[in-house]
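Student: One structure, as structure tokens, below. Some questions next.
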Amino acid sequence: QVQLVESGGGLVQPGGSLRLSCAASGSIVAIAVMGWHRQVPGKQREMVAVVTTDGTTGYADSVKGRFTASRDRANNTVYLQMNSLNSDDTAVYYCYGVIRMLGGGNYRNYWGQGTQVTVSS
């Protein structure tokens, strides 16, 4: 089995910062991509950031210049540094990984349980 566990969410004032972490554990052979999505109730889940194996990053237009994603490959961990937060960033943030398990054959998508980020004064 593979588990992804997020941490670092919470309540922050507009203009503030938060750092999310997500650690993958289990019988992992390789991780191709790790990243973050977010979802607001009643809306579709949207991609926020992605980090490839070689560290290349991609971001949603709405967070470019404010959010930075990074990976610690040795510890199967992905981070999301969020700066200049505003109310539109309020959502549940989910990390994901495209992971190949021991004995599992192809790469599959695995998701964390989500962590709430609320931006409010």
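The values are calculated or read from the model by the stated rules, or taken from the named source; none is laboratory data. Just so it is clear, the structure is predicted and the values come from calculations on it, not from any experiment. Cβ coordinates were reconstructed from backbone atoms using ideal geometry, including for glycine residues, and neighbour counts include every protein chain displayed. Surface areas here come from the heavy atoms of the whole protein model, side chains and all, with no ligands, DNA or RNA. Shrake-Rupley method; radii C 1.70, N 1.55, O 1.52, S 1.80 Å.
Student: Computing the accessible area with a 1.4 Å probe over protein heavy atoms, can you report the carbon and sulfur percentage for region 1-43?
Tutor: 51 percent
Student: Same structure, new question: How much net charge surrounds residue 36 when only the other residues with a Cβ under 14 Å from the Cβ of residue 36 are counted, with Lys and Arg +1 and Asp and Glu -1? Don't jump to the answer; show the numbers that get you there.
Tutor: On the way: positive: 19, 38, 45, 64, 66, 71; negative: 6, 46, 89.
So the environment of residue 36 carries a net charge of +3.
Student: Of the chain, which part is the longest with no trypsin sites (Lys or Arg not before Pro) in a loop (DSSP not H, G, I, E, B) and with at most 13 other C-beta atoms within 10 angstrom?
Tutor: The segment 65-121 is the longest one with no such site.
Student: Distance from a point 7 Å along Cα→Cβ of residue 116 to each backbone N in region 12-53: keep the residues under 20 Å and list them by number.
Tutor: Within reach of a label on residue 116, which here means backbone N under 20 Å from a point 7 Å along Cα→Cβ, region 12-53 contributes 12-22, 37-46.
Student: Now a separate question. Taking the solvent-accessible surface of protein heavy atoms with a 1.4 Å probe, what is the per residue accessible area of region 1-73 in Å²?
Tutor: 54 Å²
Student: Turning to a different aspect of this structure: For the residue pair residue 19 and residue 40, what label-to-label distance in nm results when each label sits 7 Å from Cα along the Cα-to-beta-carbon direction?
Tutor: Between residue 19 and residue 40, the simple spin-label model gives 2.8 nm.
Student: So how far apart, in nm, are the two label points at residue 32 and residue 60 if each is 7 Å from Cα heading toward Cβ?
Tutor: Placing both labels 7 Å beyond Cα along the Cβ direction yields 2.3 nm.
Student: Let me ask something additional. Just need the Rg to Rh number for the chain, please, alpha carbons only, Kirkwood Rh.
Tutor: Over the Cα atoms of the chain, Rg/Rh equals 0.98.
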